[in-house]
């Protein structure tokens, strides 16, 4: 898995209504969904400012800017270790975010594959791969929310070993799928001359990659170990019996 545990969003933090709308679409993952809903053309018309694009549509630029600002998310890992607080953080920072991320990534991947199907580096099959990943991840998160997380919040150390083992295996599968996504997109690096939709797609994939890796890290390495019984080291017993017996 391509692990990047810390990223920065300096461009997003400098969000301004004077920025070109296409630049915002590329630099702020999730912005494309807002622009699409408001019918703001960030691809072919991406060279004009957000202020001008909003004015042309009869929209209040500051209201649009506020909606975009709500998409800004920190990638800093929390210092939380108490299970209930950590679970609540995982649910809001990762489960809710993944459910919003993937449909928009799939939509953009379909468009890029269709519009640029003759381009040398078009990520053919990306939409299908992301769709499969979405189904796997939705099923995984539903199991956590319905079964494991309530048990962990209740403080159970008895009935969770099996579910945790299953979820750890699924995390490994998610990592393998991420590797496929990154291989298909040249590590989420758009080709020279790529349109704004293509660039926004890859920016969103880079963010999704970081989010999912941090999500898995918090569960595998911070949350789950608090409820797992350490495996006792074998004493090296052989056919002749244990030493010292």
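With labels modelled as points extended 7 Å from the Cα through the Cβ direction, what inter-label distance (nm, one decimal) is found for residue 168 paired with residue 16? Label at residue 168, label at residue 16, 5.0 nm between them. Given axes a ≥ b ≥ c from the Cα gyration tensor, I'd like to know whether the chain is rounded (a/c under 1.5), prolate (a/b larger than b/c) or oblate. The shape class here is prolate.
Taking the longest Cα principal axis of the chain as reference, the axis of helix 161-184 is set at about 40 degrees. Calculated FRET efficiency, residue 119 to residue 183, Cβ-Cβ distance, R0 = 22 Å: about 0.80 to the nearest 0.05. For the range 83-227, the gyration tensor built on C-alpha atoms gives a prolate shape. Its axis ratio a/c (a ≥ b ≥ c) is at least 1.5, and a/b is the larger of a/b and b/c. Available extension along the chain between residue 131 and residue 36 is 32.2 nm, counting 0.36 nm per residue and deducting the alpha carbon span. Rounded to the nearest 10 degrees, the inclination of helix 196-217 to the longest alpha-carbon principal axis of the chain is 20 degrees. Estimated at 0.36 nm per residue, the fully extended path between residue 75 and residue 217 surpasses their Cα-Cα distance by 49.9 nm. Ranked for footprinting exposure by Cβ neighbours inside 10 Å, fewest first, 184, 152, 50 give 184, 152, 50.
Going from the residue with the fewest nearby Cβ atoms within 10 Å to the one with the most, 39, 153, 51, 143 rank 39, 153, 143, 51. Here the extension length gained between residue 66 and residue 96 equals 8.8 nm, from 0.36 nm per residue of separation less the Cα-Cα distance. Taking every C-alpha pair closer than 8 Å and separated by at least 6 residues, the mean separation divided by the residue count of the chain gives a relative contact order of 28 percent.
Restricting to DSSP H runs of at least four residues, report the calculated mean residue ellipticity at 222 nm for the chain, -39500 (n - 2.57) per run over all residues, nearest 500 deg cm²/dmol. Calculated at 222 nm, the ellipticity per residue is -16500 deg cm²/dmol. Does the range 16-69 classify as rounded, prolate or oblate by the C-alpha gyration tensor (a ≥ b ≥ c root eigenvalues; a/c under 1.5 gives rounded; else a/b over b/c gives prolate, otherwise oblate)? Here the range 16-69 falls in the rounded category. Placing a pseudo-label 7 Å from each Cα along the Cα-to-Cβ vector at residue 159 and residue 89 gives an inter-label distance of 2.8 nm.
We did not get these values from a lab; they are worked out from the coordinates using the rules stated. Values in this document were obtained by computation on a predicted structure and should not be read as measured data. FYI the Cβ positions are ideal-geometry reconstructions off the backbone, even for glycines, and counts take in every protein chain you see.
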